[in-house]
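S.K.: The structure under discussion is supplied below as structure tokens; questions concerning it will follow.
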Amino acid sequence: MMTTKHLVNFLILLLFFTLDAFAIEGKVRVFTKTNDVVYTSQKVTIAIEILTTAFSTTDVKITFPPSDKYIVQAPKSAAYLGRDEIEREEWQLVHYEYALYPLKAGKIVIPTILVSFTSSMGYGQAKKEFSLKSDRLSIDVQSPQGIKNNQFTLVTDKYSVASKMTAVKKQIFVGDAIELSITQKAHDVLDILLKPINYSSNENMRVYKKEPELQSNLKGDYDVSRVDRFTFVTTGEGNVTLPEKELFWWNPVTQKLHTEKIPQMQLEIIEDPQIALDAKKKLRNERLMYVGLLLGVLLVLFLLFKNKIKQRIEAKKRQYEESEKGKFEHLLSTVAEGNLSEVYKSYYAWLGVAGSKDTIDEFVEENVVLKKGLSDFEASLVGEKAFDATVFKETLHLLRAMFLQKKQKSVEGLAQKLNPN
């Protein structure tokens with residue numbers, strides 16, 4: 001068991017460590033390390049120094065207030081550790097350097113920067129937590145000469161733009177895909193400040209933009225880069241122009257405004273001959289298929305209704321043969337053959353539907369030509385005269401015309417009686 005003496009010693013030791021922790025002091029110091037003139041997008045180094053009277057500083061957290069006037073890039077670690085003498089007392093110093101990139105011209109005011117950390121006199125010693133606020137910090141930002149205050153312009157001493165397209169020929173086919181990549185490189189700026197490049201779709205071409213590729217901490221003259229990649233898919237025939245694009249940048253060393261250009265690109269989109277041939281072939285095959293399908297349907301319908309169709313045709317044929325016109329045409333065919341027996345039968349069969357014997361007697365009394373033609377026909381039947389088919393045909397046409405004329409007058413007379421007005 002712990003004796004009273006041991007307990008007293010433990011409490012004295014604990015009190016010593018506690019008082020030692022409370023004796024630790026902490027401060028924060030913030031200032032800018034930059035030239036007299038600051039331009040938009042030009043890096044401004046914000047130095048943040050944490051000072052304590054302890055030997056160890058941990059759990060450092062530095063927070064800038066959010067703003068649309070600047071972007072802040074935090075360092076991966078402290079720039080260096082050092083010692084500083086304040087009021088004849090030596091303090092430990094932890095130096096951080098933050099990169100601030102102004103986005104707009106004018107005065108940028110940072111009301112305060114929050115800095116929190118813990119300090120102790122060494123390993124296993126009591127820690128003291130600090131939460132401090134920096135003094136107000138202001139930065140005057142200018143726009144490069146010739147640029148409006150509200151217009152963002154990249155400021156760097158080195159900048160380049162290069163474009164590369166897969167299609168080297170100006171004439172391409174519908175359905176082709178073209179790859180375009182645009183690479184920007186710069187020095188001593190933040191990679192996200194490099195301007196995004198955009199193209200719009202149109203009726204002849206669809207534009208698909210890929211995720212941009214940003215790189216930093218590169219070796220050589222340029223330490224950051226941005227690559228914008230596009231896929232253009234041709235959808236219709238016509239002429240397409242990818243417009244020229246201008247990118248402005250200001251060189252703070254030469255104090256000059258520069259313009260880099262992405263050149264205009266013109267493309268002629270035509271129909272692929274093979275695709276056109278395949279389309280015509282497909283259309284022809286589709287038409288043949290439709291024709292075959294239609295013929296198949298007709299054949300099936302014919303097979304299904306063949307007997308009914310045949311019966312209907314035969315009925316129509318019989319109806320025509322029994323009609324006045326049908327019997328007259330049959331009569332003319334027998335006259336052409338010259339068989340008097342058949343002519344005789346056909347003649348009286350036709351008269352059965354065309355008109356009566358009394359009507360013929362009336363016509364004969366009125367028309368001498370008809371009378372002679374019928375008389376010659378009767379004479380040929382008994383052998384008194386040779387049968388003249390041509391004359392008899394003329395006689396039959398005359399007789400039929402007289403029958404039809406009389407029938408027409410009869411119909412008109414009936415209509416007059418029914419409708420006297």
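S.K.: With the requirement that a residue be free of Cβ contacts under 8 Å to residues at least 24 places away in the same chain, surrounded by 12 or more Cβ atoms within 10 Å (Cβ to Cβ) and assigned to a loop (DSSP other than H, G, I, E, B), what does the range 126-175 give you?
M.R.: The answer is Gln151, Thr166.
S.K.: Still on this structure: Among the residues of the range 199-233 satisfying the criterion of being within 20 Å of Ile262 (Cβ to Cβ) and free of Cβ contacts under 8 Å to residues at least 24 places away in the same chain, which is nearest to the chain's Cα centre (by Cα)?
M.R.: Ser201
S.K.: Any idea which residue in the range 165-187 is farthest from Thr40 (Cα to Cα), counting only those that are at pLDDT 90 or above and not hydrophobic (A, V, I, L, M, F, W, C)?
M.R.: Glu179
S.K.: Any residue in the range 179-197 that is basic (Lys, Arg) and within 25 Å of the chain's Cα centre (by Cα)?
M.R.: no
S.K.: Continuing with the same structure: Please go through the range 326-352 and give me each residue that is more than 16 Å from Leu399 (Cβ to Cβ) and either touching an Asp or Glu at 6+ places or on another chain (Cβ under 8 Å) or of a type in the set (S, T, N, Q) (or both), ordered by number. Give the steps one after another, and end with the answer.
M.R.: Narrowing the range 326-352 to residues more than 16 Å from Leu399 (Cβ to Cβ): 326, 333, 336-342, 345.
Matches in the range 326-352: Ser333, Asn339, Ser341.
S.K.: Across the range 178-198, what is the total count of residues that are under 17 Å from Gln151 (Cβ atoms) and either in a strand (DSSP E or B) or in contact with a Ser or Thr (Cβ under 8 Å, 6 or more places away or on another chain) (or both)?
M.R.: Within the range 178-198, residues that are under 17 Å from Gln151 (Cβ atoms) and either in a strand (DSSP E or B) or in contact with a Ser or Thr (Cβ under 8 Å, 6 or more places away or on another chain) (or both) number 3.
S.K.: Right, something else. In the list Tyr101, Tyr123, which residue meets the criterion of being in a strand (DSSP E or B) and of a type in the set (Ser, Thr, Tyr)?
M.R.: Tyr101
S.K.: I'd like the full set of residues that are acidic (Asp, Glu) and under 20 Å from Lys169 (Cβ atoms), limited to the range 210-243. Give the derivation first.
M.R.: As a first pass, look at the range 210-243 and keep what is acidic (Asp, Glu): 211, 213, 221, 223, 228, 237.
Of everything in the range 210-243, just one residue is acidic (Asp, Glu) and under 20 Å from Lys169 (Cβ atoms), namely Glu237.
S.K.: Just to be sure before I move on: is Tyr101 touching an Asp or Glu at 6+ places or on another chain (Cβ under 9 Å), aromatic (Phe, Trp, Tyr), surrounded by 14 or more Cβ atoms within 10 Å (Cβ to Cβ) and modelled with pLDDT of 90 or more in the structure I sent?
M.R.: no
S.K.: Moving on to the next point. How about the range 31-70: which of its residues are of a type in the set (S, T, N, Q), over 48 Å from the mean Cα position of the chain (by Cα) and part of a strand (DSSP E or B)?
M.R.: Thr32, Thr52, Ser56, Thr57, Thr58
S.K.: Another question about this same structure. Taking Phe387, is it part of a loop (DSSP other than H, G, I, E, B) and in contact with a helix residue (DSSP H, G or I) (Cβ under 6 Å, 6 or more places away or on another chain)?
M.R.: So Phe387 fits the description; yes.
S.K.: Among all residue pairs at least 6 apart or on different chains, which show Cβ distances below 7 Å where the first residue, located in the range 378-400, is free of Cβ contacts under 8 Å to residues at least 40 places away in the same chain and the second is of a type in the set (Lys, Arg)?
M.R.: Listed by first residue and then by second, the contacts come to Ala379/Lys385.
S.K.: Would you call Leu370 at pLDDT below 80, under 21 Å from Lys327 (Cα atoms) and assigned to a helix (DSSP H, G or I)?
M.R.: Criteria met by Leu370.
S.K.: Could I ask something else about it? Among the helices (runs of 4 or more DSSP H) contained in the range 255-359, which hold 3 or more residues that are free of Cβ contacts under 8 Å to residues at least 12 places away in the same chain and among the charged types (D, E, K, R)?
M.R.: Here the list reads 273-304, 306-322, 324-337.
The values are calculated or read from the model by the stated rules, or taken from the named source; none is laboratory data. Owing to the predicted nature of the structure, the values given are computational and were not obtained by experimental measurement. Glycine also receives a Cβ, built like all others from the backbone with ideal geometry; neighbour counts cover every protein chain displayed.
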